[in-house]
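As structure tokens, the structure follows; a few thoughts come after it.
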Amino acid sequence: ECTEKVFTNSDYWPETSGMQAQSAICIIDPETGNLLAIVGGLGEKRENRGLNRATQSYRQCGSSIKPLSIYAYALDNGYISTNTPLDDVPPVYYEETEKFWPKNSNGKYQGFVSPSYAIQVSLNTVVVKLCEQMGVENVYNNFKNYGYTTPVDSVTLSNGTVLSDINTSPLALGVTVREHTQAYATLANSGITSKARTYSEVRDSNGRIILDNKEEHTVKYQEDTTAILTDLLKGVVSGPYG
């Protein structure tokens with residue numbers, strides 16, 4: 001009820017340049033996987049089976065993917081610790097006669113930095129290097145195991161071009177709010193992924209269970225890993241760096 005009130009109150013969602021923003025939200029109980037609230041768009045619901053942006057719309061999640069796809073895996077497998085120096089210098093890639101490299105949002109490179117700093121300012125160079133060090137396919141498979149349905153091993157377009165998410169760049173791909181919420185809840189649940197669910201069971205008129213949607217829990221990371229990463233992520237809000 002509280003989320004609906006916020007999403008139907010236009011004071012919270014002012015127009016910008018004559019355009020109305022859109023938004024969606026999922027709130028989950030990390031221990032059970034129960035979805036406590038889902039709102040699929042702004043304004044009052046005026047139709048049945050309308051578009052639900054929380055469960056049906058795939059959107060770029062930007063740098064919020066990095067803690068899940070890179071840092072958690074790196075911490076859990078011993079590639080980094082809280083004190084590991086990370087080199088903020090871009091690797092150079094060559095494609096035919098062109099050369100290119102990952103850029104940071106501020107356009108600067110600062111040499112060795114702490115994981116806390118790298119996460120707070122969302123360095124691109126560091127995560128690309130870690131991804132290659134750990135193995136792109138390993139990172140990709142780990143990411144899919146969160147329950148994301150969007151990554152594809154390979155797809156061929158009508159013009160014959162072959163695309164794959166098993167690469168450093170596509171690991172910031174489009175996901176749903178529901179999938180992303182479930183993945184982040186793993187950190188809050190000490191490394192255990194609880195499958196998101198909207199109902200527990202359905203009974204017929206005689207009280208017999210005809211659909212039993214039991215809780216599903218999978219140990220994904222060590223408890224220490226999620227505790228460290230959660231502490232690092234707190235620094236994104238509190239700062240500075242560390």
Residue satisfying condition, being in contact with a helix residue (DSSP H, G or I) (Cβ under 7 Å, 6 or more places away or on another chain) and charged (D, E, K, R), within set Lys214, Lys144, Lys220: Lys220
Qualifying residues in segment 144-160 (those that are assigned to a loop (DSSP other than H, G, I, E, B) and of a type in the set (A, V, I, L, M)) - the one surrounded by the fewest Cβ atoms within 10 Å (Cβ to Cβ): Leu157
Leading residue by the ranking (farthest from the chain's Cα centre (by Cα)) among those in segment 191-225 that are of a type in the set (D, E, K, R) and open to solvent by less than 50 Å² (accessible area, probe 1.4 Å): Asp204
Matching residues in segment 110-134 - criterion: being open to solvent by less than 30 Å² (accessible area, probe 1.4 Å) and not in a helix (DSSP H, G or I): Gly111, Val113, Leu123
Conditions (1) at pLDDT below 85; (2) surrounded by 14 or more Cβ atoms within 10 Å (Cβ to Cβ); (3) at positive phi; number of the one not met by Gly33: (1)
Near pairs, Cβ below 8 angstrom, 6+ apart or cross-chain, from segment 1-22 (open to solvent by less than 90 Å² (accessible area, probe 1.4 Å)) to any residue that is polar (S, T, N, Q) and part of a loop (DSSP other than H, G, I, E, B): Phe7/Ser23; Trp13/Gln20; Trp13/Ser23
Qualifying residue in segment 75-82 (condition: hydrophobic (A, V, I, L, M, F, W, C) and touching a residue at least 12 places away in the same chain (Cβ under 8 Å)): yes
Members of segment 36-51 found to be touching a helix residue (DSSP H, G or I) at 6+ places or on another chain (Cβ under 9 Å) and open to solvent by less than 50 Å² (accessible area, probe 1.4 Å), listed by number: Ala37, Val39, Gly40, Gly41, Leu42, Gly43
Residue check for Lys66: surrounded by 11 or more Cβ atoms within 10 Å (Cβ to Cβ), among the basic types (Lys, Arg) and under 20 Å from Phe143 (Cα atoms): yes
Which listed residue, of Ala188, Ala172, is modelled with pLDDT of 95 or more and open to solvent by 20 Å² or more (accessible area, probe 1.4 Å): Ala188
Subset of segment 28-56 that is assigned to a loop (DSSP other than H, G, I, E, B) and polar (S, T, N, Q) - its residue that is farthest from Lys195 (Cα to Cα): Asn48
Residue check for Val237: among the β-branched types (Val, Ile, Thr) and either surrounded by 12 or more Cβ atoms within 10 Å (Cβ to Cβ) or closer than 27 Å to Lys66 by Cα (or both): yes
Any hit, segment 81-98, residues being touching a helix residue (DSSP H, G or I) at 6+ places or on another chain (Cβ under 7 Å), of a type outside the set (A, V, I, L, M, F, W, C), more than 21 Å from Thr149 (Cα to Cα) and modelled with pLDDT under 90: yes
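The values are calculated or read from the model by the stated rules, or taken from the named source; none is laboratory data. Bear in mind that the values here come from a model prediction, so they are computed numbers and not experimental data. Glycine also receives a Cβ, built like all others from the backbone with ideal geometry; neighbour counts cover every protein chain displayed. Note: areas computed on protein heavy atoms with side chains; ligands, DNA, RNA excluded. Shrake-Rupley method; radii C 1.70, N 1.55, O 1.52, S 1.80 Å.
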